[in-house]
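For reference, the structure is listed below as structure tokens.
The values are calculated or read from the model by the stated rules, or taken from the named source; none is laboratory data. Being a predicted model, the structure only gives us computed values, none of them experimental. Cβ sites come from the backbone with ideal geometry, for glycine too, and all protein chains shown count toward neighbours.
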Amino acid sequence: MRQVASDSHFFSVPKELIPVEKVVPYNIYINSSADDKRLRYVRIYPAGEVLTGSDLLSFEKKYAQLYVHESERDIYLDTLTDFSNVSRKEKMEVVKGNAVCHLSSIFLRKGSKDNENLGYFIKECRSSVESLLELTHCNDIGDIQKLIGTLSFHDFYTFDHSINVSIYSMAFLKAIKPSAERRKLISLGLGSLFHDLGKIKVPTELINKADKLSEEEFCLIKKHPEEGHDIFLKHFNDVKDLEVHAIKRIILEHHENFDGSGYPLGLKGEEIHFYARIVAIADFFDAVTTKRSYHKAMSPQVAIDLMNKTAGKKVDPKLFELFRSAFNLVGTKEKDYLELEEGFDPCQPQNVLPLKSFKAKKQKSDIFSKEDKDKKAA
Ligand SMILES: [Fe+2]
Ligand SMILES: [Fe+2]
């Protein structure tokens with residue numbers, strides 16, 4: 001019997017990522033409505049049946065797009081690892097798209113009544129984090145960085161940034177503690193995915209404001225760690241197999257500086273949770289190396305030099321050294337020509353990165369990534 005549904009809790013799936021000549025463990029739907037404004041999903045293939053190559057070919061001819069119901073998202077994501085012929089980039093594209101979808105459900109609910117379903121969406125994010133973890137097997141940050149660079153969703157700054165920070169953080173922990181338990185990796189991944197959760201309380205114009213923020217505006221942005229912590233506390237307390245306390249501390253402490261000059265608590269050194277110190281490094285690295293609408297992407301080599309100058313002040317020096325060596329990140333040969341202004345905050349949007357000590361030896365264009373320069377030349 002055909003199942004029909006009119007709600008919008010469906011997501012589209014690429015045909016190449018549907019198992020062929022194997023049991024498909026989820027139901028496949030199409031949108032049968034000819035009217036763009038109305039959605040009417042009809043099940044065309046039941047879960048548990050073997051889908052043949054000719055079935056899929058006929059779907060390709062007949063239907064523009066195939067869909068899976070939200071309730072089967074986890075099952076769908078699980079099947080992705082079986083595709084050895086699909087590139088990591090393509091898999092990552094799907095997984096990242098899923099994560100963006102979950103995060104947008106959270107971040108775009110600003111006007112709704114106290115986000116009553118937030119707990120549900122937060123739990124859903126776990127499946128995305130688990131899939132991201134499966135896809136970060138290698139320890140080469142250059143590779144991960146390339147992947148992240150090619151899959152940037154510039155229009156969704158906070159979502160995209162959060163996913164990148166989550167990937168970097170989990171890859172880093174795996175590199176320095178290869179036998180880390182899965183629950184630890186997932187907890188770190190979820191904490192870093194939600195590190196900027198409190199930004200749902202900050203007006204979007206402020207988050208994306210490229211001009212210098214007034215003191216008052218910056219104060220508002222600086223509230224996001226506490227706001228995020230409170231939101232998480234309220235909506236996500238019942239998970240037994242995760243380190244919920246550590247997740248909360250990541251959200252609250254990711255802007256603490258190693259020398260005690262950070263916010264909101266002014267914690268120092270190892271008073272700051274280990275995971276929060278990892279996320280601070282990943283947050284910084286992503287903020288400067290990913291192209292944003294308001295500033296260019298910096299090459300990882302230059303980023304490492306810049307970050308090195310903040311080791312012991314902003315970031316944990318020992319952890320930073322591990323980050324650098326674990327991912328084989330080498331700085332530039334001329335380490336002295338660039339420095340970030342005191343008080344640089346990876347959270348604050350900027351038109352251009354606030355750099356000082358800019359010596360003439362290097363041209364400004366040399367500090368940005370190759371991809372950026374190639375685009376300029378084209
Ligand atoms: Fe933040
Ligand atoms: Fe951040």
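Going through region 219-274 one residue at a time, which ones are among the basic types (Lys, Arg) and part of a loop (DSSP other than H, G, I, E, B)?
Lys222, Lys223, Lys240, Lys268
Here are some conditions: (1) of a type in the set (Gly, Ala, Ser); (2) modelled with pLDDT of 75 or more; (3) not in a helix (DSSP H, G or I). Gly111 meets all but one. Which one does it not meet?
Result: Gly111 fails condition (2) only.
Conditions tested, residue by residue: (1) more than 20 Å from Asn308 (Cβ to Cβ); (2) among the hydrophobic types (A, V, I, L, M, F, W, C); (3) at pLDDT 90 or above.
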{"position": "Lys209", "(1), (2), (3)": "yes, no, no"}
{"position": "Phe218", "(1), (2), (3)": "yes, yes, no"}
{"position": "Pro225", "(1), (2), (3)": "yes, no, yes"}
{"position": "Leu242", "(1), (2), (3)": "yes, yes, no"}
{"position": "Ile247", "(1), (2), (3)": "yes, yes, yes"}
{"position": "Ile251", "(1), (2), (3)": "yes, yes, yes"}
{"position": "Glu256", "(1), (2), (3)": "no, no, yes"}
{"position": "Ile272", "(1), (2), (3)": "no, yes, yes"}
{"position": "Tyr275", "(1), (2), (3)": "yes, no, yes"}
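When you check Lys212 against the structure, is it more than 16 Å from ligand 1 (Cβ to nearest atom) and in a loop (DSSP other than H, G, I, E, B), yes or no?
yes
Between Gly191, Gly262, Gly266, which is within 14 Å of ligand 1 (Cβ to nearest atom), assigned by TED's automatic domain parsing to the domain that holds Cys101 and free of Cβ contacts under 8 Å to residues at least 60 places away in the same chain?
The conditions single out Gly262.
Quick check on region 192-209: of everything there that is within 12 Å of ligand 2 (Cβ to nearest atom) and in a helix (DSSP H, G or I), which residue is nearest to Ala99 (Cα to Cα)?
For region 192-209, the residue satisfying everything is Leu193.
When residues of region 12-32 are filtered for being in a strand (DSSP E or B) and either at pLDDT below 80 or farther than 21 Å from Ala99 by Cβ (or both), how many remain?
7
In this structure, does Phe274 turn out to be away from ligand 2 (no atom under 16 Å from the Cβ) and in the same structural domain as Ser162 (by TED's automatic domain parsing)?
yes
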